[in-house]
Structures are given as structure tokens and as C-alpha cells.
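Have a look at the structure below, then the notes.
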Amino acid sequence: MTAGRRIGILGGTFDPIHTGHVDLGTAAEQRLGLARVIVLPSHIPPHRPQPLASSFHRFAMVALAVAGRGSWQASDLELRLDGPSYTTDTIRRFHEDGYDAAELFFIIGADAFTEIATWKDYPNILDRTHFAVVSRPGCGVGELPTRAPELAARMRTGPLDEMAPDRPLIFLIDAPTAQVSSTAIRRRSAEGASIAGLVDPRVQQHIEQHGLYTSMNPGRRVDEHVDTPAAGRLHGQS
Ligand code: ATP
Ligand code: MG
């Protein structure tokens, strides 16, 4: 496994992308020596609770957030699909593009990882990519081995060994990430409160310019469920 081929995949609803997401990707990038981080907004099919911002706006915000980072990319892979975004299908596409499990690192916050047993293709998905699990304020990685004892044997807290492991691992990364959520940003925007410092300045400008999280604007879906939390974990659920 050469560092040049280590690819981080950071999935999420990104409604909107915020500084916590950037901290999450940066922590994994630095700890694991990733060559690239691919930020991949999920496609939410029509029958699921929908994000407030359209897929187009969510992608635009991700592209703006990665604009200053040469090794990061926004990917429309899942948004181009008609069906739901299951992580296992996305990982399979990377395999079809020539990457093997040892080169892929699915980056995820500790809160989301605690639901992994509900994901499509669990537990086999753990053999298709490494996982880089990063702490989130209020949700550390320290308790994960006791919360998921069946996975403890493949969890690692140290740096990445240059020796290729015989199967993908779960890297636990304890790192400070901003205490922010997309839900809080949507709420603050709707109330007219400032979101400065919570998102990249370019993302803030995009949100304000298009009034994404305020009522009566063209960037919002017409059939939205007001105050519905984004279906963030669609990523894995069957
Ligand atoms: P929402 O409030 O809409 O659920 P969110 O802020 O949780 O949004 P998501 O798009 O649901 O963001 O999350 C995408 C990924 O980013 C998940 O793996 C989640 O655990 C992680 N994540 C989100 N915010 C943080 C944060 N502040 N620190 C670390 N990880 C985070
Ligand atoms: Mg979430």
C-alpha cells in the first residue's frame, strides 16, 4: 500500500458542509497520510426525508468548501444515480476503477459509525474498505471497542503501519473537530442568526446569496419537510 494511492472518501448529506466536516477530513488525511480526499454528497431518493437544499446546491457548497484544497475533490458520483446512495455500492465503484480495499479509507464521524450494523452489506462492507472513524464533540472514539466488541479486534489507534494488513482495518482517530452540525446551521440561518465561522466563507456567501435555509427562496425544494433532519445515515441503511 503506497501513500500515493491512499484515498479518503468522505460521505454525508452536507446540508450544508461545515467546518466540522473539514476538520474530520483533515484529521483522517493527516493521521493516515492520505493522498486525496473525495467529498461525496449523498443522493437522497424521493421517498426519503429530504435535505432542505437541493442536490445541486449541496454539491455547489461542497465544491466551494474544497476549492482551496489541492488534494481534495468534490464528487458527483452518488448524485448522478437514480437510486439510493449505499456506501457499499459506492465502494464497489471505486473497486471497479482499479482501487483495492487496502487503498480506500471511508471517513466517518464516531456518531455515524455507531450505526454501522444497520448498513447495507454489513458486516461484509468492513472487508471492502478501511474505515477512518474520527471523534465528534460529545462522541469520542475511546468507547467504540466496548460499544462494538465484535469489531474491537480490527480497531487500531496507532499510526498506519507500512505493512499491508491482511484485511481492512478500522482506524480510531481522536482529534478536535468543530462543535457544529448542519442542523444547527440550518436553524441559525432560518432564525437570521450569523453562521460566520461555522462554514467556509464561500459557503456562507452561497447560502446567503441563494437564501438556502430561509423560507420563500428558489433554492429550496418545493416539497420540503420543514425541520426534518436530513437523512444523513441513508448512506448505509438498507
Ligand atoms: P445533520 O445535522 O444534518 O445530521 P451533520 O452535521 O451531522 O448534519 P452529516 O452530513 O450528517 O453532518 O455528516 C456527515 C459525516 O460527517 C458523518 O460521518 C458525521 O459523523 C460527520 N460529522 C459531522 N459533523 C461533524 C463534526 N463536527 N465533527 C466530526 N464529524 C462530524
Ligand atoms: Mg448527521
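Of note:
- The alpha carbon centroids of region 99-115 and region 146-181 are separated by 9 Å.
- Cleavage-rule hits, trypsin sites (Lys or Arg not before Pro), region 1-91, DSSP coil, Cβ neighbours within 10 Å at most 16: R69, R80
- Residues whose amide H falls under 5 Å from that of V39, counting only those 5 or more places apart or on a different chain, are L10, Q73, A74, S75, with hydrogens built in the peptide plane.
- Pairwise label distance in nanometres, T146 with H47, each label 7 Å out on the Cα-Cβ vector: 4.1 nm
- Positive-end residue of G211, I108, Y122, charge dipole of region 3-230 with Cβ unit charges: G211
- Difference of contour (0.36 nm per residue) and Cα-Cα distance, R92 to A184: 29.8 nm
- Region 3-230 - accessible surface per residue (Å², probe 1.4 Å): 46 Å²
- Carbon/sulfur fraction of accessible area - the chain, other protein chains in place, 1.4 Å, %: 52 percent
- Of the DSSP H helices in the chain, not one has a Cα length along its own long axis of 24 Å or more together with a mean Kyte-Doolittle hydropathy reaching 0.0.
- Label sites at M155 and D76, each approximated as a point 7 angstrom past Cα along Cα to Cβ, lie 3.9 nm apart.
- Take the convex hull of the alpha carbons in the chain; its mean projected area over all directions comes to 12.3 nm².
- Here is how the number arises for the chain: DSSP H runs of 4 or more residues each give -39500 (n - 2.57), the sum is divided by the residue count, and the result at 222 nm is -7500 deg cm²/dmol.
- Charge dipole of region 5-91 about the Cα centre (unit charges at C-beta), most positive-ward option of I7, H18, G33: G33
The values are calculated or read from the model by the stated rules, or taken from the named source; none is laboratory data. This structure is a prediction, so every number in the text was calculated from the model and none was measured. Don't worry about glycine lacking a Cβ; one is built from the backbone with ideal geometry, like all the others, and counts go over all protein chains shown. Just so you know, the surface numbers come from the protein's heavy atoms only, side chains and all, with ligands and any DNA or RNA stripped out. Shrake-Rupley method; radii C 1.70, N 1.55, O 1.52, S 1.80 Å.
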